[in-house]
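What follows is a short report on a single structure.
The values are calculated or read from the model by the stated rules, or taken from the named source; none is laboratory data. Predicted model only: the values in this text are computed from it and were never measured. With ideal geometry, Cβ positions are generated from the backbone for all residues, glycine too; neighbour counts draw on all protein chains shown.
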RNA sequence: GCCCGGGUGGUGUAGCGGCCUAUCAUUGAGCCCUGUCGAGGCUCGGACUCGGGUUCAAAUCCCGACCUGGGCGCCA
């Protein structure tokens, strides 16, 4: 099949100025409106919609009859003449000479692509290929792409190097979450929960500013609107800096991403009121957080982690993106640098709705790190591959991990995290 | 892991012991209509998750299974 002969254009690349030009558009039959003497065929492609108009008296009778029979969502190529027309949605319409049906769709669709009738998330995920044909879902994933591109641009401008660390790992991990076991030849291995240990090892290599955007796997059997078993993490690690510098980098990144997304025209389809957050974000200490919570009648024992309702209450009080700093070491991982009296140089970045990121100044002393691993009840032996990197020249360093899906869902006011993943993996879903 | 909901045409819903031969919208099949843009009008088609129980009578009540939404915990 010679696709080139069609001189294909995207629907929105055609304008009224192309009046008289012969073009073709390829896409899906979005809607058909039969008014008797005139027939409108709306063809949808990734860019938008093109109105194909068939006045009964001006087109071939066979063509007119053919169009009537094409089921919605069939794939067609329409070749015809552009006509400037004020009454048409984009100011132009196409009077077709030929319509090729490349793939006829089964007539009863798994969900409505026009937005007239809603569909539940489960139904949409089962037929994700068709859900992606709807305006809202399409724009979410274009924004996801824009976000990832923007993050890379941001890091690139600042000289960070993009790295790729293994996703198949041995048992030794930072702890805190359940792992997916896999069979690795004659041994047991796991899917990585985060690139934490590897990006830190890189700090001993001279690669002093690195980032990775990659999947992470958590075997938690949770069933909420903000958890996934396979998620995407943006991880950053910088040497010769403290937690303060990486916090600044993080808030600048968030504001930069927001500023790009705000400019994306398709944002209007999502009905989101998006404002670029002012930096620096507010910073409160853990102590201040439990103080604020106590004022709202929510008692948190010092040293206790903040639960879901505490996060929500704090979110209401703060009303914008904010950092919680100076966490008790007891509820932070072994690699967080202790400051004073059980407090670590660790931070969480919070959106009023949920946690987006956490990070810290890292322990770079071999002896201290070893002690901390042991005091968390982990065996230092199995961390040898990690600890080794701290014995031959490890600079001070700091970093964070940011959940891409959480950033997207909070930014786009999406209710369920599954909505920002093409093919989400959760407690029950393994297909499609 | 604990706790609470829900499974009705393709999709989204109403009904919650007899008025159900099951509502409405959309979709599908077809007819009418020359400017639609959620087009309009008319006709037709299409469903009570499965298994057991209670009852004169079950979509409706009970039990189990399966599927599913959410909250908590844990976690990013």
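Some values worked out for this structure:
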{"read-out": "Test set (1) under 25 Å from residue A:342 (Cα atoms); (2) in contact with a helix residue (DSSP H, G or I) (Cβ under 6 Å, 6 or more places away or on another chain); (3) in a loop (DSSP other than H, G, I, E, B) - residue A:292 fails condition number", "value": "(3)"}
{"read-out": "The one condition in (1) under 35 Å from the mean Cα position of the chain (by Cα); (2) farther than 21 Å from residue A:129 by Cα; (3) part of a strand (DSSP E or B); (4) near RNA strand B (Cβ under 10 Å from one of its atoms) that residue A:30 fails to fulfil", "value": "(2)"}
{"read-out": "Residues satisfying the stated conditions in the stretch A:263-293, i.e. within 16 Å of RNA strand B (Cβ to nearest atom) and either touching a strand residue (DSSP E or B) at 6+ places or on another chain (Cβ under 8 Å) or over 30 Å from residue A:46 (Cα atoms) (or both)", "value": "A:281, A:286, A:289, A:290, A:293"}
{"read-out": "Odd one out for residue A:117, checked against (1) more than 30 Å from residue A:385 (Cα to Cα); (2) in contact with a strand residue (DSSP E or B) (Cβ under 6 Å, 6 or more places away or on another chain); (3) free of Cβ contacts under 8 Å to residues at least 40 places away in the same chain", "value": "(2)"}
{"read-out": "Filter pass, residue A:156 being within 15 Å of RNA strand B (Cβ to nearest atom), at pLDDT 90 or above and exposed (fewer than 15 other Cβ atoms within 10 Å of the Cβ)", "value": "no"}
{"read-out": "Of all residues in the stretch A:365-402 being buried (at least 17 other Cβ atoms within 10 Å of the Cβ) and touching a strand residue (DSSP E or B) at 6+ places or on another chain (Cβ under 6 Å), the one that is nearest to residue A:225 (Cα to Cα)", "value": "A:402"}
{"read-out": "Single match in A:425, A:429, A:362 (criterion: closer than 20 Å to residue A:234 by Cβ, within 16 Å of RNA strand B (Cβ to nearest atom), touching a residue at least 12 places away in the same chain (Cβ under 8 Å) and outside the structural domain of residue A:348 (by TED's automatic domain parsing))", "value": "A:425"}
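Condition check ((1) closer than 30 Å to residue A:420 by Cα; (2) near RNA strand B (Cβ under 9 Å from one of its atoms)) across all residues:
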| residue | (1), (2) |
| --- | --- |
| A:77 | no, no |
| A:84 | no, no |
| A:87 | no, yes |
| A:91 | no, no |
| A:94 | no, no |
| A:99 | no, no |
| A:114 | yes, yes |
| A:121 | yes, yes |
